[in-house]
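Undergrad: One structure is given below, represented as structure tokens, and several questions about it will come after.
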Amino acid sequence: MTQLKNIFSTKWGIISVGAFIGVFAALLTKWGNPGNMGICVACFNRDIAGAVGLHRADIVQYMRPEIIGFVLGAFIAALLFGEFRARAGSAPIVRFFLGAFAMIGALVFLGCPWRAILRLAGGDWNAILGIFGLVFGIWLGTLFLKKGFNLGRSQKTYASVGLLMPILMVGFLVLMFVFPQVKGEGKSSILFYSTKGPGSMHAPLFISLVIGLAVGFLAQRSRFCTMGAFRDLLLFKDSHLLLGITSFFVAALIINLALSQFKPGFTGQPVAHAMHFWNFAGMALSGLAFALAGGCPGRQVFLSGEGDGDAAVFVMGRITGVALSHNFSMASSAVVIGTYGAAAVITGLVVCLFIGFTMRAK
């Protein structure tokens with residue numbers, strides 16, 4: 001157990017975890033998930049929000065088992081290795097807003113950092129602008145970190161606080177079993193299900209759940225984080241986490257090539273648009289929000305599974321953000337950004353900059 005406790009934090013450990021995620025993210029597309037969307041934390045949050053009726057975009061409603069698995073896998077890993085620690089109290093309302101704006105930006109681009117990498121591995125050159133925007137946003141965040149930006153220290157709290165997110169995920173899983181999709185129907189008593197569009201495209205529940213559990217477990221052990229990879233490189237010239245991101249990309253690329261899922265170009269890409277400036281700007285907003293909050297969307301999910309109440313608040317902010325994006329016409333389509341997408345990105349950048357400038361330790 002001691003060796004296992006440390007192996008995933010080593011150089012080859014993080015490379016192996018990244019490769020594992022890349023392989024199965026590409027395979028999930030083969031097994032039914034949308035194109036270049038084997039795993040997308042932002043898109044899957046959006047689908048979950050739709051499944052419980054927080055928005056009415058009927059093409060993106062499905063209770064994604066991968067997210068449930070992420071939380072529960074991280075929870076299991078934290079319990080096994082004595083790292084489950086309930087804590088909270090580090091500027092929760094700020095984290096909520098950061099989570100909301102991170103997802104608003106992501107849905108203008110149409111994907112989180114994980115999907116940006118998967119889109120590139122699938123040949124979608126529009127993702128290049130998104131990745132540049134992500135790195136730019138993270139770079140802005142590091143400037144605030146250098147100037148003393150701090151959301152404050154979290155405090156140890158009741159175990160029940162840390163257990164709420166895993167319990168919620170178990171509840172969601174129970175709902176999937178009790179109220180499964182009825183073929184051709186858009187609602188099963190409580191849960192909404194897409195009958196067309198990206199929400200109707202999904203791998204079998206058991207496969208998605210098992211892969212989610214494995215990714216959650218491994219990511220919790222390795223501290224896998226897309227934002228952290230670029231932040232550490234920019235701040236400390238530390239490339240450890242970047243090795244995981246690189247292996248993630250390479251593994252997904254190899255699988256896509258092997259399965260004929262690599263289709264290079266700017267046009268005709270699945271769930272993607274070619275408005276380059278807004279691809280850049282949307283992910284710049286997300287990158288800044290992730291840097292200020294201290295983790296990419298995946299990392300925040302894993303932290304919520306190991307008892308971090310502040311990360312759970314960020315996740316709740318994200319779910320609110322994706323719902324608002326669709327309810328208020330801010331999310332992009334595969335052709336063009338939403339009616340109010342540009343205004344939302346500008347507003348989000350202003351709010352995040354305000355937070356960055358006003359929350360610096362003296």
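Undergrad: Any chance the range 230-237 includes a residue that's outside any helix (DSSP H, G or I) and under 26 Å from Ala311 (Cβ atoms)?
TA: no
Undergrad: OK, next. Out of Phe96, Phe136, Phe109, Phe81, report the one residue that is touching a helix residue (DSSP H, G or I) at 6+ places or on another chain (Cβ under 6 Å), in contact (Cβ under 8 Å) with a residue 60 or more places away in the chain and under 23 Å from Leu28 (Cα atoms).
TA: Only one candidate passes the filter, namely Phe109.
Undergrad: Can you say whether Phe70 is of a type in the set (Phe, Trp, Tyr) and buried (at least 20 other Cβ atoms within 10 Å of the Cβ), as far as the supplied structure shows?
TA: In short, yes.
Undergrad: Moving to a separate point now. Give the residue, chosen from Gly212, Gly197, Gly228, Gly282, that is farther than 29 Å from Thr10 by Cβ, under 17 Å from the mean Cα position of the chain (by Cα) and small (Gly, Ala, Ser). Break it down stepwise before answering.
TA: Details: Gly212 fails: farther than 29 Å from Thr10 by Cβ; Gly197 fails: under 17 Å from the mean Cα position of the chain (by Cα); Gly228 fails: farther than 29 Å from Thr10 by Cβ.
Selected residue: Gly282, the only one of Gly212, Gly197, Gly228, Gly282 that is farther than 29 Å from Thr10 by Cβ, under 17 Å from the mean Cα position of the chain (by Cα) and small (Gly, Ala, Ser).
Undergrad: Going residue by residue through the range 60-68, is there one that turns out to be in contact with a Lys or Arg (Cβ under 6 Å, 6 or more places away or on another chain) and either farther than 24 Å from His276 by Cβ or at pLDDT 95 or above (or both)?
TA: Here is the first cut: in the range 60-68, the residues in contact with a Lys or Arg (Cβ under 6 Å, 6 or more places away or on another chain) are 60.
Then drop every residue that is not either farther than 24 Å from His276 by Cβ or at pLDDT 95 or above (or both), which leaves 60.
For the range 60-68, residues in contact with a Lys or Arg (Cβ under 6 Å, 6 or more places away or on another chain) and either farther than 24 Å from His276 by Cβ or at pLDDT 95 or above (or both): present.
Undergrad: Having 1 or more residues that are over 24 Å from Cys225 (Cα atoms) and without any contact (Cβ under 8 Å) to a residue 40 or more places away in the chain is the bar; report the helices (runs of 4 or more DSSP H) wholly within the range 284-362 that clear it.
TA: Helices (runs of 4 or more DSSP H) meeting the threshold: 341-358.
Undergrad: Ok, one more. Go through (1) assigned to a loop (DSSP other than H, G, I, E, B); (2) buried (at least 21 other Cβ atoms within 10 Å of the Cβ) for Met103 and report which single condition fails.
TA: (1)
Yes/no per residue for (1) over 25 Å from the mean Cα position of the chain (by Cα); (2) at pLDDT 95 or above; (3) closer than 29 Å to Arg115 by Cα:
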| residue | (1), (2), (3) |
| --- | --- |
| Leu140 | no, yes, yes |
| Lys156 | yes, yes, no |
| Ser160 | no, yes, no |
| Ile167 | no, yes, yes |
| Val174 | no, yes, yes |
| Lys187 | yes, no, yes |
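Undergrad: For the range 231-260, name all the residues that are closer than 13 Å to Lys11 by Cα, touching a residue at least 24 places away in the same chain (Cβ under 8 Å), surrounded by fewer than 24 Cβ atoms within 10 Å (Cβ to Cβ) and among the small types (Gly, Ala, Ser).
TA: Ser247
Undergrad: Continuing with the same structure: Can you say whether Gly184 is closer than 25 Å to Met283 by Cβ and either assigned to a loop (DSSP other than H, G, I, E, B) or touching a residue at least 12 places away in the same chain (Cβ under 8 Å) (or both), as far as the supplied structure shows?
TA: It is false that Gly184 is closer than 25 Å to Met283 by Cβ and either assigned to a loop (DSSP other than H, G, I, E, B) or touching a residue at least 12 places away in the same chain (Cβ under 8 Å) (or both).
The values are calculated or read from the model by the stated rules, or taken from the named source; none is laboratory data. All of these numbers come straight from a predicted model, not from anything done at the bench. Don't worry about glycine lacking a Cβ; one is built from the backbone with ideal geometry, like all the others, and counts go over all protein chains shown.
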